[in-house]
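What follows is a single structure, written as structure tokens, with notes after it.
The values are calculated or read from the model by the stated rules, or taken from the named source; none is laboratory data. The structure displayed is predicted, hence computed values, not measured ones. Glycine also receives a Cβ, built like all others from the backbone with ideal geometry; neighbour counts cover every protein chain displayed. Please note that ligands, DNA and RNA were not included when accessible areas were found on the heavy atoms of the full protein model with its side chains. Shrake-Rupley method; radii C 1.70, N 1.55, O 1.52, S 1.80 Å.
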Amino acid sequence: MAEAEIVLHHNHPSNGSFIPLDLQTLVGQNPHHPNLPSLAAMWAHGNAGPHYRIALTDPTHASAVVAADQFLTKLQVGLSRSAGGHEIFEAGWRHLVCLCLELKGYVRYEYDLSGFPNYEASAQRLDWILGRLTMRDAFPVASAMIVDRYGAEF
């Protein structure tokens, strides 16, 4: 008999996407629960309405997901500075990381950011394009630029 696939649902009061411990749990590397296998999928539900779903595209990507998250997190401050401090590098950072993981092909990532604070509100400067973008418009631009520039390193 095949093992049952585990799908985890949990809340994220901050409305943000998956944190490092979530990604470790997804791939079966949770340091607090070392006997927990990798998950078929994980959901996070924000209090204001956003929700996220993530799943590995291939079990062999498990270590790459964790390593990429660590690599990108080390770059966060520098990326934010070079891009002019757009809020995607603060309030939206975890979503941006997951978009990069998806662009690399490590995960399938789905989301609905309805209710995410300031998602479609005021446009902020994104120096990488010498213009102003809302968070909604900045996420795909920034994730593509990050993967294009650093993707070979993660």
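Quick notes
- Selection status of residue 27, crowded, with 16+ Cβ neighbours inside 10 Å and touching a strand residue (DSSP E or B) at 6+ places or on another chain (Cβ under 8 Å): yes
- Conditions (1) open to solvent by 20 Å² or more (accessible area, probe 1.4 Å); (2) in a loop (DSSP other than H, G, I, E, B); (3) not β-branched (Val, Ile, Thr): number failed by residue 16: (1)
- Scanning segment 19-51 for residues that are within 19 Å of residue 64 (Cβ to Cβ) and either assigned to a strand (DSSP E or B) or hydroxyl-bearing (Ser, Thr, Tyr) (or both) yields 25, 38, 41, 42.
- Among (1) in contact (Cβ under 8 Å) with a residue 24 or more places away in the chain; (2) surrounded by fewer than 20 Cβ atoms within 10 Å (Cβ to Cβ); (3) of a type in the set (Gly, Ala, Ser), the one test that residue 46 misses: (2)
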